[in-house]
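What follows is a set of notes on a single structure, which appears directly below.
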Amino acid sequence: MIKCQLLGNYLSRNNMPAAPIFRFIHLDRVILSCHAIEFYLTMHSISVHILKNYPCFFRFLLFTCLCFLIYVAARGQQAKDSLPKKWLLSAYAETYLVIPTNNSSESKLANFLYNFNRTNAFKFNQAFASADYSGDKFRMQLAVQTGTYVTDNYSGEPAALRPLLKCFIGIPLDVKKDIWLEAGVFPSYIGFENTVAFENQTLTRSLLAENSPYYMSGLRVSHPLGKKSTFSWYLLTGWQRIVPQKNNSLPALGWQWNIRPNEHTTLNWSGFAGSAYPDSSRRWRYFQNLYWQYQLQRWKITAGLDIGLEQSFRASAKYLTWLSPVLIAGYQWNEKWSSAMRLERYHDPHGIIARSDSGIPVVSNGISFNIDYQPLPQLLCRAEWRNLKGNDPIFLATAAGSDRMSFFSFSLSYRLKKSL
C-alpha cells in the first residue's frame, strides 16, 4: 500500500488524474502493478539520462542486451522443459508501385501516410527478418526491418533504433493461468491493421491505421479472462515511441480487451492515456479504438472506430477531439482470388494527429477497391484503386497541393517461416 501511495503522489505531482488509471487495474493485482510501475519509472529515468548524456554508450548497451537475449535463448533451448520449446524464424518482403491518376510528378502522396507512400517507382515498403522463441520459462521476439515505411514512420527515433521492428522478452507470472510480463518494443496493440500484407484485407492501410501507433515500447502484462477473452495492460514510453519524449518524466498507460464470443466474431477495445509533450507543456491525450470483425464462409466484414481527446493546452478543461470510422467488406472467390472494398473517413479538424506538409489539419473521406491473387501460401499479388477527398489541399498531387488524390497501387509480398 505504501508503494501505491507513492505512485499516487507521483501522478499527482505530474498533474495526472489517478482515478481513471486505477479503474483499469484489478485490485488483486495492485501490489504487483505497483512493483512493476516502480521498476519502470526507475528504468525510465536511467534510460533518459544515458541517452541524453551518453548516446554512444546507449547504442552499445542496446547491442549488448540483444546479444544477451540471443545467448539466453540459445542456452534455454538446451535445457529440459515441461513444454515443447520452439524457435520460429521468418522473413518477409513487400515491394510496390503507386501510380497517381493525375500524372503527378511528386515523389510522395502525403506526409501523413507511412505505407506505400512513394509514387512512380518500384520500392520496398518493408522487409524484415525475425526470430521468435517460446518456452514455459520465458519467451522473446526480435526482428529487424528496412523499407520506405521505416524511413517515414521511424524518423523521430534515434538512427540506431529505427531498424527495430520488435524486441521484447517475457517471463510467466503464473504458468497455470498463462499470465505473462513482457518488456521491450512491441507491435502496436491498437487497431486491426499492421504492415504485413497477408494479415490485412486491403493493399494500403486505412487513414485510421496510418495515424495511430504501429509500435509501442514499455511493459506489458497479458492474461486470459476465460477461454474466449484476453486482457492486457501496458506501461509505455509514450505515443508510438521507442525512446521517451525528451523532458517528459511520466509514462503512459494502455490496455486491450479482445473477445471472441464464437468462431465467427471478434470484438476488441484498446485504449491509451498519456501525453506526447514535455512536462512544461503537458497535454493529456485519451484515445479509444474499437473494432468488430465477422467472418462467415467467404465473407469477412470489419468495422472500426478511433476516437481521441486531447487537452487544448496544459491543465485545460477543454478537450479537442478527432475520430475515424472505417468499414471493410471482403469476399473470398476461391482459394487463390479475393477482393475487398473499403469506406473510410478521417476527421481531425484541429490537426492533433495528422497535418499536411503545409500544416493543414487532415479531414478526408476515402474509398478503395482491391483484388488479390495468391498462387502460393507464401506469395501474394495485389492491385488496388483508391480515392481520397479532403476538405483542403492536403495531398501532394501538385506543388501547390490538392484536395483530391486518386491512384492505383500494385504490390508483391513474399514470406518464409521455419520452425525449429
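Number of residues in region 103-123 that are under 22 Å from the mean Cα position of the chain (by Cα) and hydroxyl-bearing (S, T, Y) equals 1.
Listed by first and then second residue, the pairs linking a residue in region 201-226 that is touching a residue at least 40 places away in the same chain (Cβ under 8 Å) to a residue that is in a helix (DSSP H, G or I) and among the acidic types (D, E), with Cβ atoms under 9 Å apart and 6 or more places separating them unless they lie on different chains, are T204/E210. The C-beta contact set for region 178-193 (first residue in contact (Cβ under 8 Å) with a residue 40 or more places away in the chain and under 26 Å from I328 (Cα atoms), second residue of a type in the set (S, T, N, Q) and part of a loop (DSSP other than H, G, I, E, B), distance under 6 angstrom, 6+ apart or interchain) comprises I190/S212; G191/S212. Among the residues of region 183-206, those identified as of a type in the set (A, V, I, L, M, F, W, C) and farther than 19 Å from S155 by Cβ are A183, F186, I190, F192, V196, A197, F198, L203. Select from region 352-381 the residues that are in contact with a Pro (Cβ under 9 Å, 6 or more places away or on another chain) and over 30 Å from A276 (Cα atoms) and list them in ascending order. Residue satisfying the conditions is C381 alone.
Name the residue, out of S222, S232, S188, S206, that is crowded, with 21+ Cβ neighbours inside 10 Å, in contact with a strand residue (DSSP E or B) (Cβ under 8 Å, 6 or more places away or on another chain) and among the polar types (S, T, N, Q). Only one candidate qualifies: S206. Of the residues making up region 119-138, those that are charged (D, E, K, R) and either part of a helix (DSSP H, G or I) or at pLDDT 95 or above (or both) number 2.
Yes or no: P100 closer than 28 Å to L416 by Cα and either more than 25 Å from the chain's Cα centre (by Cα) or at pLDDT below 90 (or both)? Quick ask: steps written out before the conclusion?
Details: closer than 28 Å to L416 by Cα: no; either more than 25 Å from the chain's Cα centre (by Cα) or at pLDDT below 90 (or both): yes.
The answer is no for P100.
Across region 265-301, the number of residues qualifying as touching a Lys or Arg at 6+ places or on another chain (Cβ under 9 Å) and either more than 30 Å from G156 (Cβ to Cβ) or β-branched (V, I, T) (or both) comes to 4. Note on region 221-239: residues that are among the polar types (S, T, N, Q) and in contact with a helix residue (DSSP H, G or I) (Cβ under 8 Å, 6 or more places away or on another chain) amount to 1. On inspection, L208 passes the criterion of being under 30 Å from I371 (Cβ atoms), at pLDDT 95 or above and not polar (S, T, N, Q).
Listed by first and then second residue, the pairs with beta-carbon distance under 8 Å, at least 6 apart or on different chains, first residue in region 79-96 and under 16 Å from A143 (Cβ atoms) and surrounded by 12 or more Cβ atoms within 10 Å (Cβ to Cβ), second of a type in the set (S, T, N, Q) and modelled with pLDDT under 60, are W87/Q77. Region 242-335 holds strands (runs of 3 or more DSSP E) entirely within its bounds, and those carrying 2 or more residues that are crowded, with 21+ Cβ neighbours inside 10 Å and touching a His at 6+ places or on another chain (Cβ under 8 Å) map to 319-332. Here Y92 does not qualify as of a type outside the set (V, I, T), at pLDDT 90 or above, under 24 Å from A159 (Cα atoms) and touching an Asp or Glu at 6+ places or on another chain (Cβ under 7 Å).
Output the residues belonging to region 403-420 that are part of a loop (DSSP other than H, G, I, E, B) and in contact (Cβ under 8 Å) with a residue 24 or more places away in the chain.
L420
For region 88-118, a residue qualifies if it is assigned to a strand (DSSP E or B) and either charged (D, E, K, R) or within 21 Å of E193 (Cα to Cα) (or both), and the qualifying residues are S90, A91, Y92, A93, E94, T95, Y96, L97, V98, K108, R118.
The values are calculated or read from the model by the stated rules, or taken from the named source; none is laboratory data. Because the structure is predicted, anything quoted here is derived from the model rather than measured. Cβ sites come from the backbone with ideal geometry, for glycine too, and all protein chains shown count toward neighbours.
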